[in-house]
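Below is one structure, written out as structure tokens; comments come after it.
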Amino acid sequence: MIASASLSGLWLAVGGGYVLVGAIVALRLASRQASRAAALAAVACWPLMLPLLSSPSSAAPSGPLAARIEQCARELRATMADPAAADVPVVDDLDDLVRDLQQADERLGMVDALVADVGGASPAVAGLEALRGARARAAAEVEAVLDGMVELRLSIGLRSLAGNAVPVQDRLVDLRARLGALDEIAQFDHPRQS
Amino acid sequence: MTASIGALDTCARLLREPVSLGRGDPRVSLEKYGPLLLAVAVVSAAVFGGVVGTYRGGVQLVFAAVKLPLLWLIPILVTLPAVRALHRVCGVDVDYGQVALAALVGTARAALVLAVASPALWLLYSLHVGYHVAVLALCGSLVAAGGVGLHTTARILPGSGAGKAVANMLAVAAVGVVFAQSGWVLRPFIARPRAEVSFMRTVESDVFSSVAASWRSARGDYTGWDARRQGLLANPEADSP
Amino acid sequence: MTQTLSPTHGGPQPIVTVPPPGRQTEANLLNVPQVPSVSSSLLAVGGLALFGACTALGAPGFTAATHAALVPVAGLVGAMVLTGPALVAGHLFLRPNIATEVPVAALGLGLGAAGSVAAGIAPLALFLVATTGLWLSVLSLGFALTGLACAAVTLQALAHATGERPGFVFVWVFLAALVSIRLTIAVGSAALEVAP
């Protein structure tokens, strides 16, 4: 064999190398604000956690409302995870809603860049006003959904005092539907070319 | 309390609708469920390992409980890049995160199924069955649970048609080979009643030659089996008298 | 009519072929297929080299290990370099409606597929080499798998891009396989001589 090291030495080298790589992956995950559990899991099973190093959630905000979306999502998660709201079910719809919001925000960012680019070169180009109007409506709708998330937090707080049930999941689905309607409006404004 | 509710909810979803855990952005799901799924897989496999160790009892109970989680995790850690590459070559566009999440869900589900079925194995072992029957029962349990895990993984991965079928077959072959060899390297899980208990035997020969020797023996050809120390991690000096 | 060849391995861009005779347009003729970049080809060669290196760790002796490590790169890349011109020339002769870059791009896609499969199975090969004495079987099986992946993706890419049955491309695959085996034996002879 090429490797003429003793058995225990080779086993130690293999194990040590594996754990070393795991520690590096865990440190990188920790520096990217990944959860502590994910970083710990990466020490032992780093091949499974490698995809988190390219996590889009840690990417720089790309739209004009990215910071507010991040703040609203974080605060709503914190409220839902609060011990006082222990009966609020764990729902995945919040992740879906945040993803939809981020996608809508990315589109707003793209339109802003487009408007700045085209508007600067030729301000009187046809369709520019229509695009600005559609952008304003879309931004207002995203803001409304963010306001809805704040209201949901308040409802959860009220529930902890009054004891009435809060249909968290239904409210989140409603908010997603509202964002979905935004896409339909966009399609109505700009009918697909045949 | 919240964590335990989350774990219970995840276990319920793992058994009822495992595909739902693979929905959405795989990186988000991996960060959210990955550590929990890993914990479920490790704890479940350790419970099953403990039950397997009851055949011999004593310290073998601890050894088996430590080694069974490794038996489940090594194959997915080793074959993850191969599974992804094989799927992509077969026209199934998957990214590494999707494969990792699907493999983790499949492994956790398989280990959980084994853990909940382990009382049946304990009952069998408590009847003082023979060593070979005990080994066969263990192998059957592992293969059945492995089938559940691979089926779950295949369901979560995207794609359809002949390409996905070919990719799945190749992936099953790759995972199966590593699973079998991992089991061989990590043996003994069931120690013979009068054998000396050890955590692991030295790396020698391979599972395939062992199966071939067993097959020859089953057909009446008792030519023996030369178990040499082979492989990079084997100690060739141990062969010399 | 334009036909696109979707990239299956990330690197190359979609290939657009010129349409069949009689339906060509000036715009379509301007759509020149893009061959894979040098970096993606080097990555593929790197994947093959990684697989070779992993299996070579189990070879007995330095000479055998060196030869074994070179087998995937020499066998596959060598065969593609030697027989690739035949594929391109065959297309020029038999399929005048196909842009020259199409077979080149298909070869690049095939190489990329082989490289990604080789890189993917490298950890598996390392595990088996570390725990068994089956390095030669692992090398042979892994090399066969990467070759199959290369041939399948090249054929699929050509069929997708041209919209025609592969026809003589099967003959080319057979020729390439024979050349690859010959090269593999030539390069790996030292490893085979000392193999158990």
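The values are calculated or read from the model by the stated rules, or taken from the named source; none is laboratory data. Only a predicted model underlies this, so the values are computations on that prediction, with no experimental measurement involved. In this analysis, Cβ positions are derived from the backbone assuming ideal geometry, glycine residues included, and neighbour counts consider all displayed protein chains. Only protein heavy atoms, including side chains, enter the accessible area calculation; ligands, DNA and RNA are left aside. Shrake-Rupley method; radii C 1.70, N 1.55, O 1.52, S 1.80 Å.
Tabulated results
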| item | result |
| --- | --- |
| Low-density loop cleavage sites - chymotrypsin sites (Phe, Trp or Tyr not before Pro) in segment B:102-202, where at most 14 other Cβ are within 10 Å (DSSP) | B:F199 |
| Length added when fully stretched, A:V173-A:E70, from 0.36 nm per residue minus Cα-Cα | 35.2 nm |
| Two-decimal Rg/Rh across chain B, once Rg and the Kirkwood Rh are taken from alpha-carbon atoms | 1.00 |
| Per residue solvent-accessible surface (Å²) - segment A:7-54, probe of 1.4 Å | 53 |
| Computed label-point distance, nm, for sites A:R36 and B:S126 using a 7 Å Cα→Cβ extension | 4.0 |
| Projected-area average for segment C:38-194 over all orientations - Cα convex hull basis, square nanometres | 8.6 |
| Interface B:A - total buried accessible surface [probe 1.4 Å, Å², rounded to 100] | 2500 |
| Whole-angstrom gap from segment C:37-60 to segment B:136-191, using each part's C-alpha centre | 27 |
| Exercise: per-residue mean of other protein chain Cβ atoms within 10 Å, C:114-127 | 6 |
| Cβ crowding within 10 Å averaged over residues, with A:107-116, C:107-116, B:45-54 ranked highest first | C:107-116, B:45-54, A:107-116 |
| Shape call, segment A:7-54: gyration tensor on alpha carbons, a/c limit 1.5 | prolate |
| Order of exposure, largest accessible area first, which applies to A:E143, A:E70 with probe 1.4 Å | A:E70, A:E143 |
| Theoretical gain in end-to-end length, B:T202 to B:V59 [0.36 nm per residue, Cα-Cα removed] | 49.6 nm |
| Contour excess over end-to-end distance, with Cα ends at C:S137 and C:A159 and 0.36 nm allotted per residue | 4.7 nm |
| Crossing angle, helix B:96-126 versus chain B [Cα axis fit, 0-90 degrees, rounded to tens] | 50 |
| Rounded if a/c under 1.5, otherwise prolate or oblate - segment B:13-119, Cα gyration tensor axes | prolate |
| Accessible area in square angstrom per residue, segment C:70-145, 1.4 angstrom probe | 32 |
